[in-house]
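*Asks:* One structure is given below, represented as structure tokens, and several questions about it will come after.
The numbers here are math on the coordinates, done by the rules we state, and not lab data. Fair warning: this is a prediction, and the values are worked out from it, not measured in the lab. Here the Cβ is made from the backbone with ideal geometry for all residues, glycine too, and neighbour counts use every protein chain on show.
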Amino acid sequence: MAETRKLAGRYRLLNPLGEGSVRLAFDESEHRDVAVRQLRVPAELRETALREAGRAAELRHASVARILDVVIDEGTPWLVMEFVSGSSLEQAVRSRRPLPVMQAARMGVCVLSAIVAAHAAGIVHGRIEPANVLLTSTGRAVLAGFGGPSLSMRPSADLWSLAATLHFAIEGRPPGQIPAEGADPLRSLIRAMLQPGGAPPVEVVRTTLARLALDRPLDQLVESAGPLPPATVAAIGLDLLDQLQARGAHHGAVQPGGVLVDADGYATLVAPLAAATLPAYAAPEGVPSQAGDLWSLGATLFMAVEGRPPAPGAPLTRAGALAPVLFQLLSGDPAARPAPDVLRHELQAVIR
């Protein structure tokens with residue numbers, strides 16, 4: 001028979017939530033559902049844990065399951081937390097299937113935002129995992145599990161755990177020793193975040209996740225909608241050319257999976273991460289250079305307008321006015337590829 005006693009004379013214990021140690025309870029003072037969890041720590045860490053729980057209770061963020069109270073009942077500390085209606089990421093993936101990339105990225109945006117807010121307040125979560133990420137019916141993700149002792153973990157540990165959680169979200173398994181292969185931006189980002197000492201800056205992680213949460217990779221767009229019109233592809237080429245020039249250095253990963261297209265057709269080239277350029281989009285000279293990026297740009301535009309990557313002797317049947325531009329970009333001689341200003345003029349002419 002389930003225990004129905006009250007904690008601190010106020011929180012009536014009800015049923016377990018999921019398979020973990022968190023239980024539903026009813027706050028009889030505020031007349032609301034709450035979640036409660038016993039704070040299980042060794043005796044020597046108890047005071048430290050209570051101090052950290054008190055600090056975490058001050059954290060306010062839309063993607064954080066708030067700690068509402070810390071109580072001692074019969075000598076045992078309990079955390080009283082905001083009740084979030086929904087299922088954990090672990091439950092969602094195991095009962096159904098891995099999340100689509102866009103949904104996983106939206107989840108990542110929420111959790112990263114919660115992590116950044118916590119770190120700004122001097123709080124390290126220390127237990128970011130699928131069971132502590134709650135998915136609401138409105139599509140919002142909420143990070144639970146605050147309030148336990150962090151054991152002096154560094155903030156970078158939370159970012160590594162976020163990467164492992166994202167990996168579980170799209171693969172249905174933790175990364176283990178072999179993270180998922182794939183040149184798409186999310187898997188590339190995850191692999192980069194999992195590299196000890198080599199993770200990208202938080203702003204790169206945030207920007208990439210935010211774009212993936214809203215925009216579609218070019219290869220997926222072509223797969224679902226078919227080859228794009230030459231003028232549309234030329235406009236994408238202009239967007240990418242501007243970003244390559246603004247970068248002012250070799251990019252090294254220009255390929256359809258690394259190009260995100262928003263609802264208005266604007267294309268964004270994601271930051272180069274851990275993945276190398278796929279062979280079909282790598283310049284034949286094999287030398288990292290800005291001229292090599294132009295070849296990769298040509299190969300990317302070729303795929304967008306023809307529906308397949310370039311290959312020796314492959315005909316251009318859909319490119320129309322874009323065909324001469326692609327022939328120049330895909331020249332085996334780096335010196336024969338057009339200068340950026342010339343390329344911009346030629347792409348603008350295709351759009352007109």
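*Asks:* How much length, in nm to one decimal, is gained on full extension between Glu47 and Ala249, taken as 0.36 nm per residue of separation minus their Cα-Cα distance?
*Replies:* Numbers: separation 202, 0.36 × 202 = 72.72 nm, distance 5.22 nm.
Full-extension gain reported as 67.5 nm.
*Asks:* To the nearest 500 deg cm²/dmol, what mean residue ellipticity at 222 nm is calculated for the chain from DSSP H runs of n ≥ 4 alone, each contributing -39,500 (n - 2.57), summed and divided by the residues?
*Replies:* -12500 deg cm²/dmol
*Asks:* Modelled label-to-label distance, Ile351 and Arg60, 7 Å Cα→beta-carbon offset: nm?
*Replies:* Using points 7 Å along Cα→Cβ, the separation is 4.5 nm.
*Asks:* Taking the chain as a Gaussian network, Cα atoms linked when under 10 Å apart, which of Leu269, Leu134, Leu13 shows the biggest mean-square fluctuation?
*Replies:* Residue with maximal mean-square fluctuation among Leu269, Leu134, Leu13: Leu13.
*Asks:* Need one number: nm distance between label points at Thr4 and Asp333, each 7 Å from Cα along Cα→Cβ, rounded to one decimal.
*Replies:* Here the modelled spin labels are 8.8 nm apart.
*Asks:* DSSP loop (so not H, G, I, E, B), at most 13 other Cβ within 10 Å: list which GluC sites (Glu not before Pro) in the stretch 270-352 pass both filters.
*Replies:* Numbers: sites: Glu285, Glu306, Glu346; in loops: Glu285.
Those satisfying the criteria are Glu285.
*Asks:* Work out the FRET efficiency for Arg173 and Leu151 from their Cβ-Cβ distance, taking R0 = 35 Å, and round it to the nearest 0.05.
*Replies:* 0.85
*Asks:* Can you give the FRET efficiency for Thr317 and Ala210, using 1/(1 + (r/R0)^6), R0 = 41 Å, r = Cβ-Cβ distance, to the nearest 0.05? Please report the intermediate quantities before stating the final value.
*Replies:* Values: r = 37 Å, r/R0 = 0.89.
The formula returns an efficiency of 0.65 here.
*Asks:* Between the stretch 29-79 and the stretch 192-261, how many Å separate their Cα centres?
*Replies:* 42
*Asks:* 5 Å is the cut-off here: which amide hydrogens, built 1.01 Å from N in the peptide plane, fall below it relative to Val64, excluding neighbours closer than 5 in sequence?
*Replies:* Residues meeting the amide H criterion: Leu143.
*Asks:* Still on this structure, I have one more. How much length is gained on full extension from Val202 to Ser21, taking 0.36 nm per residue of separation minus their Cα-Cα distance?
*Replies:* Gain in length upon complete extension: 62.0 nm.
*Asks:* Where in the stretch 13-49 does the label zone of Glu74 land, with the point 7 angstrom along Cα→C-beta and an amide N cut-off under 20 Å?
*Replies:* It comes to 13-17, 21-28, 35-43, nothing else.
*Asks:* May I ask you to derive the FRET efficiency for Ser137 and Glu28 from their Cβ-Cβ distance with R0 = 22 Å, giving the value to the nearest 0.05?
*Replies:* 0.25
*Asks:* Can you put Ser88, Ser137, Ser289 in order of Cβ neighbours within 10 angstrom, beginning with the fewest?
*Replies:* Details: Ser88 22, Ser137 8, Ser289 13.
Starting with the residue having the fewest Cβ neighbours, the order is Ser137, Ser289, Ser88.
*Asks:* Moving to a separate point now. For Cα pairs less than 8 Å apart in space and 6+ apart in sequence, what is the mean separation divided by the residue count of the stretch 216-351, i.e. the relative contact order in percent? Present the calculation step by step, with values, prior to reporting the outcome.
*Replies:* On the way: 204 pairs, mean separation 42.8, N = 136.
Normalised by residue count, the contact order of the stretch 216-351 is 31 percent.
*Asks:* Let me ask you something else. Starting from the Cα gyration tensor of the stretch 127-193, take the square roots of the eigenvalues, sort them a ≥ b ≥ c, and report rounded, prolate or oblate (rounded when a/c is under 1.5, otherwise prolate if a/b is larger than b/c, else oblate).
*Replies:* Oblate.
*Asks:* Which of Arg191, Arg247, Arg12 moves the most in a Gaussian network model of the chain with Cα springs under 10 Å?
*Replies:* So, out of Arg191, Arg247, Arg12, the one fluctuating most is Arg247.
*Asks:* Now for a different question. Compute the orientation-averaged projected area for the stretch 6-82 from the convex hull of its Cα atoms and round it to one decimal in nm².
*Replies:* One quarter of the hull surface, i.e. the mean projection, equals 5.5 nm².
*Asks:* Using packing as a proxy for protection, rank 89-102, 331-344 so that the peptide with the highest average count of other Cβ atoms within 10 Å comes first.
*Replies:* Most protected by this proxy first, the peptides run 89-102, 331-344.
*Asks:* Between (i) 1.35; (ii) 1.23; (iii) 1.00, which entry matches Cα Rg over 2.2 N^0.38 Å as derived from the coordinates of this structure?
*Replies:* (ii)
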